[in-house]
Amino acid sequence: MSASYAEICARMFETPLMISDAKAAAIVGGLGGRLLGEPVTVVNALAVDHSAFQNGRPSAGRLGDRTGRIYDRDQTPVFDRIGNVAIVGVEGTLVHKGNYVGASSGRTSYQGMQAQIVRAARDPSVKGVVIEADSFGGEVAGVFETADMLAALSRSKPTLAILTDHALSAAYLLASAARSIVIPKSGLAGSIGAIILHADMSGRLEKEGVKVTVLRAGKDKATMNAVEPLSKEKRESVEAQLESVRQDFAARVGQYRSGRFNANQALATEGAEFDGADAVALGLADAVGHANDAFDAFVREMSRA
């Protein structure tokens with residue numbers, strides 16, 4: 001074992017750590033085989049990839065609109081536009097931070113969206129904004145703030161959310177902040193709720209003759225891990241957190257779509273997804289239509305503004 005690997009082992013194993021269990025699982029999954037000289041299986045479906053300065057994650061870069069200032073400095077347009085219509089994309093997996101705008105590696109960051117929203121709002125040459133949505137959702141962190149920013153933009157300028165396929169969960173929250181929503185016949189909207197996945201591998205480990213002991217300081221530290229059964233108390237605690245997110249989600253949707261779809265109706269969907277006609281009938285969307293037709297009509301309308 002190289003000196004560097006030996007040092008990493010000394011820092012990882014049999015040493016008290018102040019780290020989340022998900023991050024620990026990600027480290028072991030990525031380096032365990034090289035460190036121990038044999039394949040390592042991490043029995044944790046929730047390992048998190050969180051590395052400062054990597055994968056578009058700057059250090060404290062979201063505060064102060066660092067992403068937007070970089071584009072301003074380089075005099076690079078921060079959003080796509082057709083005439084006087086700006087286009088803000090909500091595509092792929094939605095993540096909190098990312099030092100880029102638009103979709104990158106199948107992800108869109110709320111950080112990048114916020115940079116676009118700020119500049120679309122303050123640019124007098126932008127008469128209207130289209131939110132192009134095609135996403136199954138993503139992270140809770142950052143989405144409520146971004147949706148509120150879109151709602152504020154909608155109060156100052158015409159906005160239209162055009163679903164080029166789906167706007168589900170976090171993506172629907174963002175789309176709902178537009179003044180109106182157009183959905184294709186085969187598109188999907190809704191999924192108003194939140195989830196956390198948990199894998200309990202303790203039974204499999206027991207069959208394999210492996211007993212894992214979790215030593216913890218703090219009775220609630222790492223209580224949702226894959227090597228121990230989930231306690232009733234922990235399950236109830238997590239479900240309460242998720243229900244709080246769902247209530248906030250429904251309240252925002254009811255606020256944004258005032259008069260068309262209220263918070264109680266949002267809660268009544270129980271996280272279901274609805275295709276074009278059903279989404280319009282319920283009030284989740286305003287019209288069924290082809291994306292290109294809706295976009296062209298909006299551009300023509302804004303050209304007369």
For the subset of the range 62-97 comprising residues that are among the polar types (S, T, N, Q) and surrounded by fewer than 20 Cβ atoms within 10 Å (Cβ to Cβ), which member is nearest to ASP148 (Cα to Cα)?
THR93
Residue check: is GLU236 more than 20 Å from the chain's Cα centre (by Cα), among the acidic types (Asp, Glu) and assigned to a loop (DSSP other than H, G, I, E, B)?
no
LEU284 passes all but one of the listed conditions (1) under 23 Å from the mean Cα position of the chain (by Cα); (2) assigned to a helix (DSSP H, G or I); (3) assigned by TED's automatic domain parsing to the domain that holds VAL85; the exception is number (2)
So GLY209, is it assigned to a loop (DSSP other than H, G, I, E, B) and either closer than 30 Å to HIS166 by Cβ or out of contact with any strand residue (DSSP E or B) (no Cβ under 8 Å at 6 or more places or on another chain) (or both):
yes
Determine which member of the set LEU160, LEU173 is within 30 Å of SER125 (Cα to Cα), assigned to a helix (DSSP H, G or I), touching a helix residue (DSSP H, G or I) at 6+ places or on another chain (Cβ under 7 Å) and in the same structural domain as GLU91 (by TED's automatic domain parsing).
LEU173
Residue count for the range 276-301, restricted to those that are surrounded by 14 or more Cβ atoms within 10 Å (Cβ to Cβ) and either farther than 14 Å from ILE192 by Cα or aromatic (Phe, Trp, Tyr) (or both):
12
Among residues of the range 119-142 being at pLDDT 95 or above and hydrophobic (A, V, I, L, M, F, W, C), the residue nearest to the chain's Cα centre (by Cα) is ALA133
Quickly run through the range 98-116 and pick out the residues that are crowded, with 23+ Cβ neighbours inside 10 Å and within 28 Å of GLY271 (Cβ to Cβ).
GLY98, THR108, SER109, TYR110, GLN111, GLY112, MET113
Subset tally (residues that are without any contact (Cβ under 8 Å) to a residue 60 or more places away in the chain and either in contact with a helix residue (DSSP H, G or I) (Cβ under 6 Å, 6 or more places away or on another chain) or loosely packed, with under 11 Cβ neighbours inside 10 Å (or both)) for the range 197-207
2
From the residues in the range 189-239 that are in contact with a Leu (Cβ under 7 Å, 6 or more places away or on another chain) and among the small types (Gly, Ala, Ser), which one is modelled with the lowest pLDDT?
ALA194
Taking the range 165-188 as the search range and keeping residues that are more than 18 Å from the chain's Cα centre (by Cα) and among the hydroxyl-bearing types (Ser, Thr, Tyr), which one is modelled with the highest pLDDT?
SER180
Name the one entry in VAL245, VAL227, VAL210 that is surrounded by 11 or more Cβ atoms within 10 Å (Cβ to Cβ), of a type in the set (A, V, I, L, M, F, W, C) and free of Cβ contacts under 8 Å to residues at least 12 places away in the same chain.
VAL210
The conditions are (1) surrounded by fewer than 19 Cβ atoms within 10 Å (Cβ to Cβ); (2) in contact with a Pro (Cβ under 8 Å, 6 or more places away or on another chain), and LEU163 fails exactly one of them. Which is it?
(1)
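The values are calculated or read from the model by the stated rules, or taken from the named source; none is laboratory data. Model, not experiment: these values are computed from the prediction. All Cβ positions, glycine included, derive from the backbone under ideal geometry; neighbour counts span all protein chains shown.
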